[in-house]
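Below is one structure, written out as structure tokens; comments come after it.
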Amino acid sequence: MGLFSKLFRGGKKKVSNETTEERGVHMPDLDIPADEKFTINFKKNGGKFIYCDGYNEVHQAIKNIIQENNWNETPFYSMDTRLEDKFSKLNISFTNKANQSEVFFTTCEHLVAQNGSILICSNQLQDRKLNDLPANFIVFATTSQLVNSIGEGLKIIKKKHLNGIPNNITTIKHFQTIREEQNDFLTYGSSSKNLYLILLEDL
């Protein structure tokens, strides 16, 4: 994913919420590489993007987010013990009760270039709905999780889970309120979220 390096060289540790020119829902799809398309759509939607070359930068990004939001005394709500173990050295406290935290710390299945959304399922949510989770998300992902479309992401999920695909599949579209006429089965029950994406280069 050389493009990410080019886009964020010299400023990749900074949180960005820049937006690009608005595109109508009926505009033709952008004929550009998937990584660039995701970056444009994610930023257009208002997402906060932090690109990292290695885990040292990931750790620093999390520290910066905590400091920026005064979350030093705030436990992170997590449903992934592997994620907790990976970042246990950062002196973050974790809770398994959503009502005890302002922040949901999670991984994802895929980053969808088509619309700049984040594809998740029961592997991250278990049986919970987005509306039941804190308003603030920190998503840890890698560049290898990028896909062109939701359909491509679903095919990969199906291939990985030969004994049956996970349930509770949805996309996070936290950046904007989804109008009723735009709802589909992957956005049903979605709610606006303040989301930080920490993206680790692994390609």
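The values are calculated or read from the model by the stated rules, or taken from the named source; none is laboratory data. All values reported here derive from a predicted model rather than from experimental measurement. Note that we place each Cβ from the backbone using ideal geometry, even for glycine, and neighbour counts take in every protein chain shown. Calculation scope for accessible area: heavy atoms of the full protein, side chains included, ligands and nucleic acids excluded. Shrake-Rupley method; radii C 1.70, N 1.55, O 1.52, S 1.80 Å.
Quick notes
- Verdict on Q176 being open to solvent by 10 Å² or more (accessible area, probe 1.4 Å) and either of a type in the set (G, A, S) or at pLDDT 95 or above (or both): no
- Pick from segment 65-116, criterion of a type in the set (D, E, K, R) and within 16 Å of the chain's Cα centre (by Cα), ranking: farthest from Y51 (Cα to Cα): D80
- Test result for T106, at pLDDT 95 or above, touching a helix residue (DSSP H, G or I) at 6+ places or on another chain (Cβ under 6 Å) and of a type in the set (V, I, T): yes
- Scope segment 144-170; condition polar (S, T, N, Q) and within 24 Å of Y77 (Cα to Cα); matching residues: Q145, N167, N168, T170
- Scan of segment 93-136 for residues that are of a type in the set (K, R) and closer than 24 Å to H59 by Cα, ordered by number: K97
- Residues (farther than 16 Å from N131 by Cα and out of contact with any helix residue (DSSP H, G or I) (no Cβ under 6 Å at 6 or more places or on another chain)) located in segment 91-103: N91, I92, S93, T95, N96
- Residues satisfying the stated conditions in segment 46-58, i.e. touching a residue at least 24 places away in the same chain (Cβ under 8 Å) and open to solvent by 20 Å² or more (accessible area, probe 1.4 Å): G46, K48, D53, G54, Y55, E57
- So I40, is it in a loop (DSSP other than H, G, I, E, B), at pLDDT below 95 and surrounded by 15 or more Cβ atoms within 10 Å (Cβ to Cβ): no
- Number of residues in segment 179-201 that are over 22 Å from T143 (Cα atoms) and modelled with pLDDT of 90 or more: the value is 0.
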